[in-house]
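What follows is calculated from the coordinates using simple rules that are stated; it is not laboratory data. Worth saying up front: this structure is predicted, and the values here are computed from it rather than measured. So basically every Cβ, Gly included, is an ideal-geometry build from the backbone, and we count neighbours across all protein chains shown.
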Amino acid sequence: MLPKDFRGYLDYLETKGKLLRVKKEVDIKHEIAAGIRKISDTDGPALLFENINGYPGWRVAGGLYATKKLMALALETEPDEEKLLQRYLDCQEKRVKPKL
C-alpha cells in the first residue's frame with residue numbers, strides 16, 4: 001500500500017531504489033530541468049535536489065512520474081501500457097473530493 005503523503009511517497013521510492021538524492025548544488029534555470037529530462041530519456045529514478053543555488057534549505061523533487069516504471073509504482077500496477085491506462089481510468093472514477 002502506498003503512503004498517504006508526499007514525504008512518505010519519497011521514502012517509498014527510495015526504498016524501491018527509484019529515488020536519487022542530488023546533493024550537488026544545482027541552478028534552477030537549467031540544471032534541474034536537464035536532470036529531469038535525462039532521467040525520463042534513460043528510464044532513470046526520480047530526483048530529489050537537495051542543494052538549490054540561491055534557495056538555502058529548499059529541496060525540489062522532480063521526475064516522479066517521468067517513466068512507465070515510476071508511473072506504475074505510483075498506480076500500484078505493472079509498467080505495461082494497457083494496465084497503466086486501465087488503472088489510471090479506474091482511479092479517475094474513484095476520485096476523492098477535496099476537503100475545504
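Remark: relative contact order (the chain) = 19 percent; criterion is Cα-Cα distance under 8 angstrom and separation of 6 or more residues. Restricting attention to the chain, close to 40% of DSSP beta bridges with both partner residues there are antiparallel. The residue list Ala61, Thr77, Pro98 was ranked by how far each Cα lies along the charge dipole of the chain toward its positive end, using unit charges on Cβ atoms, and Pro98 comes out on top. Basic side chains Lys and Arg get +1 at the Cβ, acidic Asp and Glu get -1 at the Cβ, and with that the dipole of the chain about its Cα centre reaches some 340 debye. Between Leu85 and Lys97, the modelled label-to-label distance comes to 3.1 nm, taking each label 7 Å out from Cα in the direction of the beta carbon.
For the chain, the longest principal axis of the alpha carbon atoms and the long axis of helix 6-15 meet at an angle near 90°.
With viscosity set to 1.002 mPa s at 20 °C, what whole-number translational diffusion coefficient in µm²/s follows for the chain from Stokes-Einstein and a Kirkwood radius over Cα pairs? For the chosen part, D equals 145 µm²/s.
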